[in-house]
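**Student:** Have a look at this one.
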Amino acid sequence: MPFDISLLRWTRPPRDFSVSPEEIRITTEPGTDLWQRTYYGFQNDNAPVLQLETDETRFSFTVRTDFDSKHRFDQCGVAVYLDSENWLKASIEYENAEYQRLGSVVTNLGYSDWATSDIPASVRSMWYRLSRREADYCIECSTDGVHFQQMRICHLHAGAGTIRFGVYACSPENSSFEAVFSHMELGPCLWRDHQ
């Protein structure tokens, strides 16, 4: 099933971007992020998100990310952004010259969590596969686009019915980088039934 870029819509478009059937490029702006309340007492809801809208209850969306991030918290990946208090994202978040954090955030009813694992700072590309089953979601990652590993299974309280999903990139601190999204595919749900 083709990923139709003509149906993509921005939530807060960035100043510098390009969109084609082959790739999406986003140059991040300083001070952009998605985070709500939990632990830090901090909220930020201004990252650009480019999404498709669908009422399809079962699907998988796959995308490759390439990035040249080099400043703390720079990130890019996949997202299901419904509104400021209900969304999920998965990405690599740059930490320092030694390691980055491969992780995901799920925000339900205005509270974010964060689940991560450390990976080398030398990683500059990652594939993600986002799968939906009604209001439940599975996020997987891959270094080669063939062998995917589960990162997370979660529930979005507002994630039933019509949703929006796609890609995002942001730089929470005073930095900027270019994120490139390619090999975008949308098709039947590849999240297998639980045995």
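**Student:** What is the spin-label model distance, in nm, from Ser125 to Ser20 if the labels are put 7 Å beyond Cα along the C-beta direction?
**Tutor:** 1.7
**Student:** Rg and Dmax of region 9-81 over Cα atoms: what are they, in angstrom?
**Tutor:** 13.9, 40
**Student:** If you place +1 on the Cβ of every Lys and Arg, -1 on the Cβ of every Asp and Glu, and leave all else neutral, what size is the dipole of the chain about its Cα centre, to the nearest 20 Debye?
**Tutor:** It works out to roughly 180 debye.
**Student:** While we're looking at this one, here's another question. Which value, in Å², gives the accessible area per residue of region 68-153 when a 1.4 Å probe is used on the protein heavy atoms?
**Tutor:** 41
**Student:** Can you check how the C-alpha radius of gyration of region 104-163 compares to 2.2 N^0.38 Å, as a plain ratio?
**Tutor:** Taking N as the residue count of region 104-163, the ratio is 1.27.
**Student:** What ³J(HN,Hα) values, in whole Hz, does the Karplus curve 6.51 cos²θ - 1.76 cosθ + 1.60 give for region 163-171 when θ = phi - 60°, with x put for Gly and Pro?
**Tutor:** With coefficients 6.51, -1.76 and 1.60, one gets 10, 10, 8, x, 10, 8, 7, 7, 9 Hz.
**Student:** What percentages, rounded to whole numbers, describe P(r) for region 82-193 computed over all alpha carbon pairs with 5 Å bin width beginning at zero?
**Tutor:** 2, 10, 20, 24, 21, 15, 7, 2, 0
**Student:** Using R₀ = 25 Å, calculate the FRET efficiency as 1/(1 + (r/R₀)^6) where r is the Cβ-Cβ separation of Glu178 and Asp4; round to 0.05.
**Tutor:** 0.55
**Student:** Sorted by accessible area with a 1.4 angstrom probe, largest first, how do Ile92, Ile119 fall?
**Tutor:** Result, largest first: Ile119, Ile92.
**Student:** Quick one: grab Rg to one decimal and Dmax as a whole number for the chain, Cα atoms only, in Å.
**Tutor:** Cα-based Rg and Dmax for the chain come out at 15.2, 47 Å.
**Student:** What's the longest piece of the chain with no exposed trypsin sites (Lys or Arg not before Pro), counting a site as exposed if DSSP puts it in a loop and it has at most 15 other beta carbons within 10 Å?
**Tutor:** 125-191
**Student:** In the chain, with Lys and Arg counted as +1 and Asp and Glu as -1 at Cβ, which of these residues, Phe3, Ser182, Pro120, has the Cα nearest the positive end of the dipole, that is, farthest along it?
**Tutor:** Phe3
**Student:** Under 10 Å, Cα contacts only: if you run a Gaussian network model on the chain, which one of Thr28, Thr107, Thr57 comes out with the highest mean-square fluctuation?
**Tutor:** Its mean-square fluctuation being the largest, the pick is Thr57.
**Student:** OK, next. First compute the accessible area of the chain with a 1.4 Å probe, then give the percent of it belonging to carbon and sulfur atoms.
**Tutor:** Here carbon and sulfur together make up 49 percent of the probe-accessible area.
**Student:** Once amide H atoms are built 1.01 Å from N in the peptide plane, which residues 5 or more positions from Tyr99, or in another chain, come under 5 Å H to H?
**Tutor:** Amide H to amide H, under 5 Å and 5 or more residues apart or across chains, Tyr99 pairs with Ala121.
**Student:** Next question. What GluC sites (Glu not before Pro) does region 18-106 have in DSSP loop regions with at most 15 other beta carbons within 10 Å?
**Tutor:** Glu22, Glu56, Glu98
**Student:** Which of His71, His155, His147 moves most in a GNM of the chain, Cα contacts under 10 Å?
**Tutor:** His147
**Student:** Once phi is turned into θ = phi - 60°, what whole-Hz ³J(HN,Hα) does the Karplus curve with 6.51, -1.76 and 1.60 give for every residue of region 11-16, x standing for Gly and Pro?
**Tutor:** Values, residue by residue: 9, 6, x, x, 6, 10 Hz.
The values are calculated or read from the model by the stated rules, or taken from the named source; none is laboratory data. No experiment lies behind these values; they were computed from the predicted model shown. Glycine gets a Cβ as well: all are built from the backbone with ideal geometry, and neighbour counts include every protein chain shown. Accessible surface areas use protein heavy atoms only, side chains included; no ligands, DNA or RNA. Shrake-Rupley method; radii C 1.70, N 1.55, O 1.52, S 1.80 Å.
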